[in-house]
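Beneath this line is the structure, given in structure tokens, with notes to follow.
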Amino acid sequence: MSSVATPQAQARVEQRFAPARMRRTVLEMAYAGSTVHIACAFSIIELVTVLYRNHLRYPGNDPRAEGRDYLVLSKGHGVMAQYACMHELGWLNDSHIQGYFKDGSELKGLSDSRVAGLEVTSGSLGHGFSVGVGIAMGLKRKGTDQTVYAIVGDGELNEGPIWEGALVAAHHRMDNLMLIVDKNGFQAMGTTDDVLALGDLSAKFTSFGFETLEVDGHDEAAVDAAIRQLWATGEGKPKALIARTVKGKGVPFMESDNRWHYTRLNPQTFAEAIDALGLPGAST
Amino acid sequence: MREAFSNALVRLALADPKVLLLTGDHGYALFDEFRKRCPDRYINAGIAEQNMVGMAAGLARVGFRPFVYGLAAFVPIRTVEQIKLDIAHDNLPVVLLGDGAGFVYSHLGTSHQSTEDIACARAIPNLEVLSPADRFEMTASMYRAYVANGPVYLRMGKSDRGDVHAGPIDTLSPGLLIQVRTGRADLPGLIATGSMVRTALDLAQQRDMSVWSAPSLKPLSADDVCAVARACAAGLVTLEEHSVLGGLGAAITEITSERAPARVLRIGVPDRFSDHCGTHAYLLREHGLDAENAGARIDAFIQNAALAS
């Protein structure tokens, strides 16, 4: 699915989407805007990295290109991870990052499809996946080879329409659709096990008729291989990638500490978090 | 009226290969012709309305023209949030068809009755609202919904009440009131929508009053409403098979209160659920929407206007 044509271009692309730098972008946005949901973005950094770098096709680097692949961020709370990718692609500039949440600014705290590069308006959970199912159905009807990825949170799987959409995707043999579950084990008020246990997600999606794989969602090579394998197997079946992730991944004091769903950065925690990323010359 | 709906849908689909029909496992017999003529564009999305409406948004995003059919109790009511967020927010060309609105399912109880759909739909930005009264308005509404090329809610209520127009309507301009009877200028004017236009005509016949049909509830032409209000010095009466809150009566008074103050009697469903079941006529009576009860209220309104002048 790669759109990269030459080794030189490949090298340039590899330089983009460095996870540590993208986490720094997220921290800079969150600090500039005094906003929350940092940990929600950190758990999907490697997932979006692999998708944008190796799989999503945007003809002419145009986020609205008609022949593009679609990344539907159903868990809109992770939108800063997608902003970080859009920054790497040059779709957003530094003023978008530093001006996050300023009065009158364009980028919101949840995914909003009016922003070029974001495909759905989400954050109210359980919406984006259904829209993604519709996009996948439309693309199949058109007979194109475009693909649709929908990232949902594991907490989001509490929502009924996800399971409605899963039935429909399998029934209509949407093998151009990949559901990616960010299985970080947390939702707003606690662990998924404590709030509403999800059980064996692989077994559930397999039983719904999906071609399913589990993967370490922070191992870029493994994620890439799993995505390729899912597309290559299970003809006629929608795909489900269950990505085991760590909420707050990348900054040790945020990892699996659900307070970072809600907590804002102060000058000290911002500096500590930046340091923890270990980027050269990053100390503030 | 249902035949007019089916014919219009088939004609639109034959003319535009992007037209798709999605149904939430409803519409028995209604789509026989569509399924015969356009079998590959009939999608039964299952008893899963929320996903169906989200899916319609996705189909519209990649260039299709979905018509989404359900009972009004489910489309729009069950799926109000999907309509707001997935469709209306981005002005996507999806037509939402809410059948059986009002008390059509009079024996089934509250779950299948819908008297709050206009109010919900009107408050959603970008969403146009249509409420045809007879087969001619239905045909015109379907074409309007298609050419609107944006989000539209088309309300389908009691469909067997007979014609209110003498013949086809060429073009349904959004927001216009259509005069369907001219009566005495010294009596209040009746403005009705959907199934209640027939009732309004019957009441007006007995009293020689003027009647306007309002097939397009949002946008509503403020100029038109003001012109009617000014022409009817004795006031206006609105009639709708919908809650008195947020529907036609509310829409009219929102305009008149600011631009052409008028006495307005709003006849609609009181702010309560049905107590009992029975025929459609029975439920209209229970809610005071039958000719006898509505007529008595109109007569009292006329009486009070005479006393006040």
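The values are calculated or read from the model by the stated rules, or taken from the named source; none is laboratory data. All figures in this text were calculated on a predicted structure; none of them were measured in a lab. Heads up, the Cβs are rebuilt from the backbone with ideal geometry, glycines too, and the neighbour counts pull from every protein chain shown.
Computed quantities for the displayed model
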{"quantity": "Verdict on B:Ala88 being more than 9 Å from chain A (Cβ to nearest Cβ), touching a His at 6+ places or on another chain (Cβ under 6 Å) and modelled with pLDDT of 95 or more", "calculated": "no"}
{"quantity": "Flag if A:Val195 is touching a strand residue (DSSP E or B) at 6+ places or on another chain (Cβ under 9 Å) and more than 10 Å from chain B (Cβ to nearest Cβ)", "calculated": "yes"}
{"quantity": "Enumeration of residues in the stretch B:50-83 that are hydroxyl-bearing (Ser, Thr, Tyr) and either at the interface with another protein chain (Cβ under 7 Å from one of its Cβ atoms) or in contact (Cβ under 8 Å) with a residue 40 or more places away in the chain (or both)", "calculated": "B:Tyr69"}
{"quantity": "Among residues of the stretch B:31-49, those that are at the interface with chain A (Cβ under 7 Å from one of its Cβ atoms) and among the aliphatic types (A, V, I, L, M), counted", "calculated": "2"}
{"quantity": "Single match in A:Ala197, A:Ala188 (criterion: modelled with pLDDT of 95 or more and more than 19 Å from A:Ala226 (Cβ to Cβ))", "calculated": "A:Ala197"}
{"quantity": "Helices (runs of 4 or more DSSP H) fully within the stretch A:52-171 counting 3 or more residues that are closer than 27 Å to B:Asp40 by Cβ and either within 14 Å of another protein chain (Cβ to nearest Cβ) or within 14 Å of the chain's Cα centre (by Cα) (or both)", "calculated": "A:128-142, A:160-171"}
{"quantity": "Subset of the stretch B:115-126 (residues that are farther than 11 Å from B:Leu154 by Cβ and hydrophobic (A, V, I, L, M, F, W, C))", "calculated": "B:Ile118, B:Ala119, B:Cys120, B:Ala123, B:Ile124"}
{"quantity": "Options B:Gly288, B:Gly246, B:Gly268: the member that is at positive phi and either in contact with a Gly (Cβ under 8 Å, 6 or more places away or on another chain) or crowded, with 17+ Cβ neighbours inside 10 Å (or both)", "calculated": "B:Gly246"}
{"quantity": "All positions within the stretch A:53-90 that are free of Cβ contacts under 8 Å to residues at least 60 places away in the same chain and closer than 18 Å to A:Asn184 by Cα", "calculated": "A:Gly76, A:Val79, A:Met80, A:Ala81, A:Gln82"}
{"quantity": "Selection from the stretch A:243-270 of residues that are outside any loop (DSSP other than H, G, I, E, B) and buried (at least 16 other Cβ atoms within 10 Å of the Cβ)", "calculated": "A:Ala243, A:Arg244, A:Asn258, A:Trp260, A:His261, A:Thr269, A:Phe270"}
